[in-house]
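The values are calculated or read from the model by the stated rules, or taken from the named source; none is laboratory data. Computed from a predicted model, the values in this text were never measured in an experiment. Note that we place each Cβ from the backbone using ideal geometry, even for glycine, and neighbour counts take in every protein chain shown. Calculation scope for accessible area: heavy atoms of the full protein, side chains included, ligands and nucleic acids excluded. Shrake-Rupley method; radii C 1.70, N 1.55, O 1.52, S 1.80 Å.
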Amino acid sequence: MRAGGPLDAEMILSATEDVLRRHGPAKATVVDVGRALGVSHAAVYKHFPSKTALREAVSRRWLNQDRDALAAIAGDSEIPPRQRLRSWLAALLAAKRAKAHDDPELFAAYRILVTENSDAAAEHVADLLRQLQGILADGVTSAVFRDADPAALALAVFSATTRFHHPAHTGDWQTPGVEDELDAVCTLLIDGLGHPDVHP
């Protein structure tokens, strides 16, 4: 129940998160959100035109929680590109695994959005690809990585590491030794990206 004051989008998003955690994405309704806030579902619809729009907004906010930490690694020019790429991919796995383990109901809502090709999911992936592209561009510029289009390299690296960040592989993330598996994949990728005239 909200404590007075005008209803705003942030209040609705917070209440929706709570409702999703309580009921799960399959059973949670806008009526439930309105009830939690002490308003009618029509009041919720004034801020979000549909259940899908509300779910997208919740997922977008939830996904952005780890964005700054990942972006900080991607943008840290003090870390050499090889190490930065390895650290960023490890941090991405850790963030996704924590979300799946610590907040399974909201993670389930995100998995639904991924299958629906939602804007929130697409924006999340595009942002991750931009961060990855920045790391690879620094490696290309410094001739640590071979001369190639950083955007194409980013897509290739992202695709090659799908098992460690795509929600379809959630079950794999709790497997003992998964960090070592990712590290081995990183070694292969970094070796493949390497400039022929530069040695580790």
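Of the candidates THR141, THR170, the single residue that is polar (S, T, N, Q) and touching a residue at least 12 places away in the same chain (Cβ under 8 Å) is THR170.
Yes/no matrix, rows are residues, columns are (1) over 19 Å from ASP68 (Cα atoms); (2) within 17 Å of the chain's Cα centre (by Cα):
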position	(1), (2)
ALA98	no, yes
LEU106	yes, yes
ILE112	yes, yes
ASP127	no, yes
LEU136	no, no
PHE164	yes, yes
GLY171	yes, yes
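Helices (runs of 4 or more DSSP H) fully within the stretch 55-161 that include at least 2 residues being open to solvent by less than 50 Å² (accessible area, probe 1.4 Å) and at pLDDT 95 or above: 67-74, 81-102, 119-141, 150-160. Hey, does the stretch 145-160 have a residue that's out of contact with any Phe, Trp or Tyr (no Cβ under 6 Å at 6 or more places or on another chain), without any contact (Cβ under 8 Å) to a residue 60 or more places away in the chain and within 20 Å of ARG60 (Cβ to Cβ)? Yes - at least one qualifying residue is present in the stretch 145-160.
Taken over the stretch 13-45, the criterion of being open to solvent by less than 50 Å² (accessible area, probe 1.4 Å), among the hydrophobic types (A, V, I, L, M, F, W, C) and modelled with pLDDT under 90 is satisfied by VAL19, LEU20, ALA28.
Here is a check on your reading of the model: is LEU188 of a type outside the set (Gly, Ala, Ser), surrounded by fewer than 13 Cβ atoms within 10 Å (Cβ to Cβ), over 17 Å from ARG60 (Cβ atoms) and at pLDDT 95 or above? Taking the combined requirement at face value, the residue satisfies it.
In this entry, THR52 is excluded by the filter for residues that are open to solvent by less than 60 Å² (accessible area, probe 1.4 Å), under 22 Å from TYR110 (Cα atoms) and of a type in the set (Ser, Thr, Tyr). Across the stretch 14-32, which residue is farthest from ALA120 (Cα to Cα) among those that are out of contact with any Phe, Trp or Tyr (no Cβ under 9 Å at 6 or more places or on another chain) and among the aliphatic types (A, V, I, L, M)? If we take residues in the stretch 14-32 being out of contact with any Phe, Trp or Tyr (no Cβ under 9 Å at 6 or more places or on another chain) and among the aliphatic types (A, V, I, L, M), then VAL31 is farthest from ALA120 (Cα to Cα).
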